[in-house]
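The values are calculated or read from the model by the stated rules, or taken from the named source; none is laboratory data. Only a predicted model underlies this, so the values are computations on that prediction, with no experimental measurement involved. As a convention, Cβ positions derive from the backbone with ideal geometry for all residues, glycine included, and neighbour counts pool all protein chains shown. Note: areas computed on protein heavy atoms with side chains; ligands, DNA, RNA excluded. Shrake-Rupley method; radii C 1.70, N 1.55, O 1.52, S 1.80 Å.
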Amino acid sequence: MGLVGGKVEDVAIAGGGQSADAARMTAKLTQHQLTRHQLTRRQILGMAALQTAAATGLTRIGLKSAQAVEPAAVDNAPAIVVGSGYGGAVAALRLGQAGIRTIVLEMGRLWNTPGPDGKVFCSTAAPDRRSMWFKTRTEAPLATFLWLDVVNRDISPYPGVLDRVRFGNMSVFVGRGVGGGSLVNGSMAVTPPRSYFAEQFPAVDAAEMYGTYFPRARAMLGVNTVDPAWFESTEWYRFSRISRKHAANTGLRTTFVPSVYDFGYMQREAAGTATRSALGQEVIYGNNFGKKSLDKTYLASALGTGNVTIHTMEKVRGITPASDGTWVLTADRIDDTGAVVETRQYGCTYLFLGGGSLGTSELLLRARQSGTLPALDASVGAGWGPNGNVMLGRANHLWDTVGANQSTMPVMGIDDWANTANPVFAEIAPLPTGLEHWVSLYLAITKNPQRARFSYGGAGLSLDWSAAQSSVSSGMAKKLFDRINSANSTIYRYDLFGSADKVFADDFTYHPLGGCVLGRATDNYGRVKGYSKLYVTDGSLIPGNIGVNPLVTITALAERTMARVLAEDTAP
Ligand code: FAE
């Protein structure tokens, strides 16, 4: 299995046997989208491939995907990437650009086929089966309003876009589908304070990260910021301005938070000239417009190289080294009911794990437990944390209205991270219901030093995080918000999180981090210890906490890994 040589541009132009459908899609995209966004030619080709695959119901997406290719008994490629979230998408693009033929295996579906309502994704106001990964009822983080069970709905099981994975004392939200967490997240694209990054990654060259890889990640992801003048005047961010006033009354600093949601598009939504998405209660179950999720950025570019194919609805469950030093993967292909319709084997020389903190930890621990990867470092599974996440609501005075209209994309945070006695970064979160409710909602990221460990056994993946460890996070959030309540004579909301008097939702996280920590379970570049040509590129590299929302850090670290691996490990 050698590397595929050749010039990437030539492959892309030739289109590898691009069908008439794909060519038509390309032309349509060129007319309609190039004018709006500055798409590269690779992205246009890649997006055409995604649309063609959706239109024809294919589960294998590449520039050649419109051709009816009978899959071989074992699919071999020089490189395989597991998962198509941030870590997987960066790996796929950089491998494809290097002329290396790559297969991406993603357990979720491709999200660009409209449902009966003409939309790809459902909104938080009217969730249906598209919302959640094989559940019979939605499991939104904010469970109740005025203690009433009015938020969640019964749904039929389906490979929906958001999953909530429940462990004993912690449940973890993750995205499922081509684009992973980028499909469901709040788009906040924050670069961590340099001093904290250096504290968490003492062996990583911070100057190189802040000079090269963070800027590269932000540019590739399409990070932008809200126009401050529009922010000050629009009804859609009244909820942020009220929370900013209350923070200021407490002597606390607020800061604008960059985003991968296109604020130009949002302003057109507000003006009534574009279909509403962020302003139409779309977020955790996907955004139909405006968001630069990975299928619009890294993955479109990766497909556009002509060297990358994405296989959807295929869950990798086994990793075995072959005697010649290559890798053999076992993957289950599932249908819309979740039934396994086929089990396939894949072979590759270079294996990149981008299944996220849960997915990658599970794959490695299961391989160690089943005896196929006995030489993994003892620290695999360890160093996990929820990024100190705590959600909470405050009740405002009647005169401090937060507005019936709220954008789903947060753009501001209360930054008290420099307070060494109690470091907290609290994003001001929306609660869009279409009605005035006087609630200020927050997702606090606290500097909780507690860590847990994954293990794998008969019951699958388990996590030994305890309720006492969560209370360290909520204790820190309480210290900050007690100050805010006291300065503004306000109180907490007790009705939002299900049980009678629950104020701090510290038992779920949007930010699972760790399990295969950089420099411990891997070398300093994500190469898994004990094996060669096996790499981790996702959030499992981060040791439990990064102080801000993690997508930019995951992307930048993956860029750093790929630059090093392509320079050193894949040379002929
Ligand atoms: P991730 O994006 O989770 O991708 C992993 C992919 O691998 C998924 O598509 C899985 O389906 C797939 N997969 C897993 N196991 C397998 C397997 N065995 N075989 C095949 N495929 C597999 O990983 N972060 C921010 O920075 N800003 C935000 O505003 C923000 N808001 C969030 C809101 C929500 C509701 C959620 C759930 C998360 C949010 N996050 C946010 C977190 C962010 O999305 C998350 O850290 C990244 O998506 C993690 O990236 P990874 O590459 O680690």
For Val178, distant residues with modelled amide H under 5 Å away: Arg109, Leu110, Trp111
Long-range amide H partners of Ile61 with built H, under 5 Å: Ile310, His311, Thr312
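For the chain, what does the helix formula give at 222 nm: sum of -39500 (n - 2.57) over DSSP H segments with n ≥ 4, over the residue count, nearest 500 deg cm²/dmol? Kindly include the intermediate steps, with their values, before the conclusion.
Values: 13 runs with 152 residues, N = 572.
The helix contribution divided over the chain gives -8000 deg cm²/dmol.
Which order do the peptides 440-452, 310-322, 189-201 come out in when sorted by mean C-beta neighbours inside 10 angstrom, highest first?
Details: 440-452: 22.8, 310-322: 20.3, 189-201: 18.8.
Peptide ranking by packing, descending: 440-452, 310-322, 189-201.
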Pairwise label distance in nanometres, Thr59 with Ser532, each label 7 Å out on the Cα-Cβ vector: 3.5 nm
Net lengthening on full extension, Ala229/Glu436 (0.36 nm per residue, minus Cα-Cα): 72.2 nm
Gained length - Glu568 relative to Phe256, 0.36 nm times residue gap less alpha-carbon distance: 108.4 nm
Bins of 20 Å, starting at 0 and running to the largest distance - Cα pair percent for the chain: 22, 58, 20, 1
Descending principal axes extents, region 370-449, alpha-carbon based, whole Å: 62, 33, 19
Rounded FRET efficiency, nearest 0.05, which uses the C-beta distance separating Asn422 from Arg194 and R0 of 25 Å: 0.75
Residues of region 378-418 with amide N under 13 Å of a point placed 7 Å along Cα→Cβ from Asn249: 394-402
DSSP beta bridges in the chain [antiparallel fraction, %, rounded to 5]: 75 percent
Heavy-atom surface of region 498-572, accessible at 1.4 Å and reported per residue (Å²): 27 Å²
In Hz, Karplus ³J(HN,Hα) per residue of region 181-188 (6.51, -1.76, 1.60; θ = phi - 60°; x = Gly, Pro): x, 5, 6, 10, 7, x, 6, 5
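Sorting check: for 294-300, 40-46, which peptide has the highest mean count of neighbouring beta carbons within 10 Å, and how do the rest follow? Write down the numbers at each step before the final one.
Values: 294-300: 27.1, 40-46: 22.1.
Final packing ranking: 294-300, 40-46.
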Heavy-atom accessible area order for Tyr494, Tyr456, Tyr285, largest first, 1.4 Å probe: Tyr494, Tyr456, Tyr285
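Take the solvent-accessible surface of the protein heavy atoms, probe 1.4 Å, and return the percent of it on the chain that carbon and sulfur atoms account for. Present the calculation step by step, with values, prior to reporting the outcome.
Working: 11100 of 20590 Å².
On the chain, the fraction of accessible area on carbon and sulfur atoms equals 54 percent.
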Size of region 213-332 as Cα extents on the principal axes (Å, biggest first): 66, 38, 27
Exposure of Val340 as accessible area (Å², to 10), given a probe of 1.4 Å and all protein chains: 80 Å²
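Trypsin sites (Lys or Arg not before Pro) within region 237-274: which are DSSP loop residues with at most 16 other Cβ atoms inside 10 Å? Don't skip to the answer; put the middle values down first.
Working: sites: Arg238, Arg241, Arg244, Lys245, Arg253, Arg268; in loops: Arg253.
Loop-located and lightly packed - Arg253.
Would you kindly state how much longer the chain becomes between Ala206 and Ala404 on full extension, computed as 0.36 nm times their sequence separation minus their alpha carbon distance, in nm to one decimal? Mind dumping the intermediate values first?
Working: separation 198, 0.36 × 198 = 71.28 nm, distance 4.30 nm.
Full-extension gain reported as 67.0 nm.
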Label-point separation, His397 to Thr136 (7 Å along Cα→Cβ), nm: 4.9 nm
Over 31 Å (Cα to Cα) - which of Lys135/Lys291; Lys478/Lys529; Lys296/Lys533 fall in this group: Lys478/Lys529
In sequence order, calculated HN-Hα J values of region 281-294 (Karplus, 6.51, -1.76, 1.60; Hz; x Gly/Pro): 6, 9, 6, 6, 9, x, 10, 6, 8, x, 8, 8, 6, 5
Cα gyration tensor shape of region 352-511, rounded if a/c is under 1.5, else prolate or oblate by comparing a/b with b/c: prolate
